[in-house]
Structures are given as structure tokens and as C-alpha cells.
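For reference, the structure discussed in these notes is given below.
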Amino acid sequence: MAKKQRPKYIFVVGGVMSSVGKGVAAASIGKVLQSRGYRVANLKADMYVNLDAGTIRPAEHGEVFVGEDGIEADQDLGNYERFTNQVSTAADYITTGQVYAEVIRRERNLEYGGEDVEVYPDIPKEIIRRIEQCQKKNKSEITIIEYGGTVGEYQLLPFLEAARMMKARNPEGVYFVLVSYLPMPALLGEQKSKPTQQAIINLHSAGINPDFVICRSELPATPDIKRTISNVCSLPVERIVSAPDVYSIYDIPVSFENQNFGATLLQAMGLKAKKRDLRDWLALADKIRKTKKQVKIGIVGKYFNLKSCKDTYISVIESINHAAWSEGRRANIVWLEAEKYEKDRRKIKELDVFDGIIVPGGFGARGTEGMILAANYARLNKIPYFGLCLGMQIMTISYARNMAGLKRANSTEFDANTPHPVIATMEDQVEKIKNKDYGATMRLGAYPCVLKNRSIAAQAYGKKQISERHRHRYEVNNDYVERLEKAGLVFSGKYQSGNLMEISELPKEVHPFYLGTQFHPEFKSRPLDPHPLFIEFIKAAIG
């Protein structure tokens, strides 16, 4: 009887600087190993003391990605899902806060048997337990663990120690990939490896030697640079992988495959490829590069001046791209600051040049009056409009004011004294808001939704019942549903157990596409399987 293969673990750590693509590198490693027949899982470990990403401003940390079970996590889980199609849950996400909270809980419950509890070894042991829990939940043959931040940072030390301990007890089962940036000063005109060498030395100081180095840079790593780095970490030169800037992030697995990274990685782990099939991904990358016709999409929001819009709305951007590519178009996305419409209503006419408008999710009153103006302008001028979470609430408020005769209609989130709270706090959220119980208390995760026959939503999905992920505290007030429907707004999707309005739309004979969802469809879109509602939106925009 053949001996069962023990699980393998790959730790992906950063060197020199963060935000150079460690997340998509980890996701791409997962994709390449999948294409060779292995069951993979991706896990993200973040160093902050927050229990999850839910209380961090999007402008501070980027998008909060919601998993199937409601975990509010780092945006990299979205990359993992889009590349490998795995379903993210709490088991795929670790923070320092979670680790310490669990260790303290166990200490309070005398689960350490009266022993003193210390940072070493108890914190690394809890990190290891969670990594192994991820592997068991996913039944993965290879688990890829991405560490946030970079080597040399103080807060990363317990996580590096956990990885070192795993390597010490299982030398043939644990491997390390360093993703490091190669700067190229403009005045010198050549790549420099010294910062990466320093990162390798920092990794050595934690008792770890990288098995692979991925060199991030604007241009491919030169042979001289590869040889230098291979000498520093005593690795064959083929384990130094070039990762230059690419046309799209979906080119990265193709780039890795062209360098035979997957085969070399499996060989290092003592594994053989069960198959080799990246054809669908190669075709996608080729199609993306060849697509030239554009569809112009305006995103009306309010987190544009604080941090990169690409981080704040990454799942929305990728969902637009997926749908556009599937329809033979390249999305030209323009960011539109909602507040400028409040200051000067004449500027709303700039929406005329767009093929479609999206109002994405968000919180707070700032900019919402400008979004309401944009929703009404899109309705009047037959511009395809897609509202996501907050965007559905915005279009409902706009419709109530302009078509149902509710002149001061609003959300209680924006105006607690509105005479017509067409959007109101969910019943189970009232006490939580009153008690300032904000962390992980919203309506989170996947819920079923029943669709109305012959609606745009039902035609898009091609089925009666769906399941989508949520992240909100406010909802359409059922006291106003009948009045809004009489005015022509169709609530085409409902969560029947709680009688919650999930989708609102106008019929096609009234508007080419005027639809909003209380859920976040962007979390389930994939490059090879675009979300049906985004496809319908893009079709309307092209039309």
C-alpha cells in the first residue's frame, strides 16, 4: 500500500518593502500548483492586533473582503479566490489579535494546566495550530501561507518563529519563498540587489533560509542579479524567479509557468506533477492582451483621495474587468468624486460620456447627496446604473424622492431625523449600534435570496434562488416597500426568512439597466467565471 503523502507548507514572506505583489504571487503559486493536479489552500496572516479587518478604514488598509462564513478579511483573500476558486472562511485568515485572544482565553480557562504562559513558545504554537487547522479544513495537499509585512519587522517575529518551528520538526514538508523588490535608480539605470541581500540576511537571523526568491521589479531580473542572489542564499539560479511588471495580474501565473517555476517548486518539495494544464489561464491572459475595444465605466464614490482606489475597490474593479473581457471589451474605469456634484450640480453632466455608472459600497453620510444626484441623473438619462450595497440604498432613496413623492426621504444612517426613513437600521443592529458593538456584528457572509420571475436579476442568473455575501447594517424599510413598488420600483430579490429586500431594479422597458443589490456580488466574480449581474451591466453599457 502506497504511503500517504504528508501535507506540504509554503511560506511566502516579503523583503525590502510591502505592496509589491506578495498577495498575487501567493495566489499565482496556488494557481500553478493547482494546474499540476494538487489541492491547494491559501492562508493570509496579518500582523495587526485587530481581530479582523472589519474595523479598519478601507482608505487605510484597502478593501475588506468578506468570506462565505462572514469573516472580514484582508483583500488578498479575494486574490486567492479569484485565482484558485477556493472558498474563503475564517480558517483561511489569521491576525495577531486572534492569536493573542485565543491564548489569553485558554489561560483564563486553565487550559495550560497552571503553567506560566509566555510569548515563546505559546504564541508561535497557536499560530501553528491555526495553520494546520486551515490545512485540515481545506484538505489541502499544499498550503500556501502569506505573511503580511516584510522580514525584519518586529511584529513578524512570532510568525517567523512559528514557521521555523514547523520547518525544524518537518524539514521535508516546509518551504520558504521570499518576494523581494529590486530597485532600479533612474540615475544609475541598473537593478540593485543589495536591499534583497539584506532581506535574506534578516531571514537568516530568524533561522530561515529561503528556498526560492521572487524578484519583483519593473523589468525582468538580469542574469547577473540572479547569480548574485543565488550565491547569497546558496540556491541554484533556477530558484531565483523573475517577476517584472505585467499587463495584468492574470499574466503572473503565465510568467511563472514560462520560467518552469511550478516544476522546480514541485521538484524541491519531492513531488511529481499529476498533470499540466494551464490552458484556460493562458487563453484568458492572451484574450486580455488582445482586447482593444473599450467600455467606459464611471465609479461614483468617496474613498478616492485618501488611498489608492485600486486597493479600496479591488473586487469591484476586477469584477468589471472580468465581465468586460467576457464581452470582448476592455474596461476604462474613471473615478468620480461624489462630493463635487453637491458643490456644483452642473458637473453631473460629465456622466453623459460614460457607458455605465457604478455606486459601490461604503459607510457614512459624506458624499451621499452627490451619489443620490448621480443615481437620479443615470435614471433620467437612461445610463446603465449598478448599485452595490450602499449603491442600492442610494438608488432607493433617489427613487423615493423623485418618483414616490417622498421629498426628504433618506437613510437613518445619514439623517436620523428624516421624515421618510426608506433605508433604516436592521432590527438586530439597533442595540449593537447603541452599545457601540461594531466589530464583526454587521450582517455578514452568505445568505440565500429568491428572485422574481422574469426580472432582470432572474434572467441574468438563470435560476430562482441564489446565495450572495453581505456586509451591511442598514436595509430597505419594509414600511415603504408597497409605496415604492406602486411608484414603479421592482424588488426582484428577497431574503424570505427575514423579508429583506435584496435586489431592486427597474423593468427593461423603462430603463436599459437600473439595478442595485444589498449584497456584494463582486466577492464572487472570477476571471474565468464573471458574475452574471456584472455581465448584464456590461452588456447594457455596450448596448
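We did not get these values from a lab; they are worked out from the coordinates using the rules stated. The structure presented is a predicted model; accordingly, all values stated were derived computationally and were not measured. Backbone-built Cβ (ideal geometry, glycine too); neighbour counts: all protein chains shown.
Beta-bridge orientation, segment 293-542: approximately 50 percent antiparallel, per DSSP, counting only bridges with both partners inside.
In this structure, the residue pairs whose Cα-Cα separation is over 22 Å, taken from 31/293; 343/434; 296/539; 139/275; 4/167, are 31/293; 343/434. Whole Å is fine, so just give me how far the alpha carbon centre of segment 165-201 lies from that of segment 367-421. Measuring centre to centre over Cα atoms gives 50 Å. Amide H contacts for residue 12 (H built 1.01 Å from N in the peptide plane; partners 5 or more residues away or on another chain; cut-off under 5 Å): 145, 146, 147, 177. Candidates 89, 5, 421 compared by Cα position along the dipole of the chain: farthest toward the positive end lies 5, with charges placed on Cβ. The separation of segment 249-269 from segment 465-525, counted between C-alpha centres, amounts to 43 Å. Using Cβ point charges alone (K and R +1, D and E -1), the dipole size of segment 8-285 about the Cα centre works out to roughly 1040 debye. Working note: Karplus 6.51/-1.76/1.60 with θ = phi - 60° gives segment 529-535 the couplings 8, x, 5, x, 6, 5, 4 Hz, where Gly and Pro are set to x. Each peptide among 380-392, 474-486, 92-104 gets the average number of other Cβ atoms lying within 10 Å of its residues, and from highest to lowest they stand as 380-392, 92-104, 474-486. Residue ranges 252-262, 65-75 sort as 65-75, 252-262 when ordered by packing (mean number of other C-beta atoms within 10 Å per residue, highest first). As a length-normalised measure over Cα pairs under 8 Å and 6 or more apart, the relative contact order of the chain settles at 15 percent. Net charge dipole, segment 293-542: roughly 420 debye, given to the nearest 20, about the Cα centre with Cβ charges of +1 for Lys and Arg and -1 for Asp and Glu. The DSSP beta bridges internal to the chain are antiparallel in roughly 30% of cases.
Dipole size of the chain about its Cα centre, with +1 on Lys/Arg Cβ and -1 on Asp/Glu Cβ: approximately 1560 debye, rounded to the nearest 20.
Straight-line reach from residue 340: taking Cα to Cα under 16 Å and skipping same-chain neighbours fewer than 8 places apart, the lysines in range are 302, 349. Among 452, 463, the order by Cβ neighbours within 10 angstrom, fewest to most, reads 463, 452. With the helix formula -39500 (n - 2.57) applied to DSSP H stretches of n ≥ 4, the chain reaches a computed 222 nm mean residue ellipticity of -10500 deg cm²/dmol. Ignoring lysines fewer than eight residues from residue 192 along the same chain, the ones with Cα atoms less than 17 angstrom from its Cα are 226.
In this structure the amide hydrogen of residue 333, modeled in the peptide plane, comes within under 5 Å of the amide hydrogens of 297, none closer than 5 places in sequence on its chain. For segment 453-464, putting each phi into the Karplus relation 6.51 cos²θ - 1.76 cosθ + 1.60 with θ = phi - 60° gives couplings of 4, 6, 7, 4, 4, 5, 5, 5, 6, x, 7, 7 Hz, in residue order, rounded to whole numbers and with x for Gly and Pro. Take each peptide in 351-357, 186-192, 157-163, count the other Cβ atoms within 10 Å of every residue, and average; sorted highest first, the result is 157-163, 351-357, 186-192. Suppose we keep just the DSSP beta bridges with both residues in segment 8-285; what percent of those would be antiparallel, to 5? Given both bridge residues lie in segment 8-285, the antiparallel proportion sits at roughly 5 percent. Note on residue 137: lysines with a C-alpha under 16 Å away, same-chain residues under 8 apart excluded, are 8, 44.
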